[in-house]
Amino acid sequence: MDSTTLFFLIITLIAGGLAGAALNTWLQSRKSKKYVSTQEASVLIERIEKVFKVVMAEGYFTEIYNYQNDKNIWNLINDKKKALIIAKAKVLVGYDFGKMKFHRPDGERKLVIDFFPAPEILSIDTDYKFYDIEQGWLNRFHSDDYTAILNEAKQTMNDKAMESDLPRIAGNQVQLMIFQLAASMNWSVEMKLPDGNVAMLREFTHYRTLEAQIDSLDTRKE
């Protein structure tokens, strides 16, 4: 084999190797692209506000809903859908001190409270699970149905929390905190509240019993 033939043979082998490597890289990229997913997220901050809200009581609730919806079709077929929903919630009750009105008499180490806000629910952290979902041929669950059920469950949690003993506990806690904080700085606190404010706060001092576990089993029909 002369030198010219050997030279062309080496060039051919190198070119073939490069072509094979390029082909393999292209095939691998094509193969990997089948499993590549792209995710994009946009977070928009609408506004930031300064707040002075303090949590004074925390409660856990569980609610069981037995949802059923019957749809009569031409008075011949009773098409129904139903589901069992277990809703759990962590409820935080406290005070928005931005709503409180007070003043300090000149030359005195005393805080006079002119208006004291009612305890309120500061947040509800909810979790829902659907069980035993059944639906008919025409009467089926849609996204609006799930939204309505979850909104109703959240409102029920809100109502049950305010009917429970959480507001009373929060009221006792906040008074203890205010008076102890003032005493630690050699200050005194005087409550000069309007009669309407006193009556409103008194509504949250009555003890109400409510188990923060499985509360009720409701059958809701539409």
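The values are calculated or read from the model by the stated rules, or taken from the named source; none is laboratory data. Model, not experiment: these values are computed from the prediction. Backbone-built Cβ (ideal geometry, glycine too); neighbour counts: all protein chains shown. Only protein heavy atoms, including side chains, enter the accessible area calculation; ligands, DNA and RNA are left aside. Shrake-Rupley method; radii C 1.70, N 1.55, O 1.52, S 1.80 Å.
Summary table
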{"read-out": "Some residue of the stretch 59-81 being open to solvent by 30 Å² or more (accessible area, probe 1.4 Å), under 30 Å from S188 (Cα atoms) and out of contact with any Cys (no Cβ under 8 Å at 6 or more places or on another chain)", "value": "no"}
{"read-out": "Subset of the stretch 124-145 [within 22 Å of the chain's Cα centre (by Cα) and not in a strand (DSSP E or B)]", "value": "H142, S143, D144, D145"}
{"read-out": "Subset of the stretch 180-204 that is open to solvent by 50 Å² or more (accessible area, probe 1.4 Å) and closer than 14 Å to M162 by Cβ - its residue that is modelled with the highest pLDDT", "value": "M200"}
{"read-out": "Members of the stretch 143-169 found to be of a type in the set (D, E) and open to solvent by 50 Å² or more (accessible area, probe 1.4 Å), listed by number", "value": "D144, E152, D159, E163"}
{"read-out": "Hey, L111 among the aliphatic types (A, V, I, L, M), over 21 Å from L150 (Cα atoms) and part of a strand (DSSP E or B) or not", "value": "yes"}
{"read-out": "Some residue of the stretch 98-113 being within 31 Å of the chain's Cα centre (by Cα), farther than 27 Å from T156 by Cβ and either in contact (Cβ under 8 Å) with a residue 40 or more places away in the chain or open to solvent by less than 50 Å² (accessible area, probe 1.4 Å) (or both)", "value": "yes"}
{"read-out": "Condition check for D125: in contact (Cβ under 8 Å) with a residue 24 or more places away in the chain, open to solvent by 40 Å² or more (accessible area, probe 1.4 Å), farther than 17 Å from M100 by Cα and not aromatic (F, W, Y)", "value": "yes"}
{"read-out": "Which listed residue is within 21 Å of Y67 (Cβ to Cβ) and of a type in the set (K, R), from K110, K101, K90, K160", "value": "K160"}
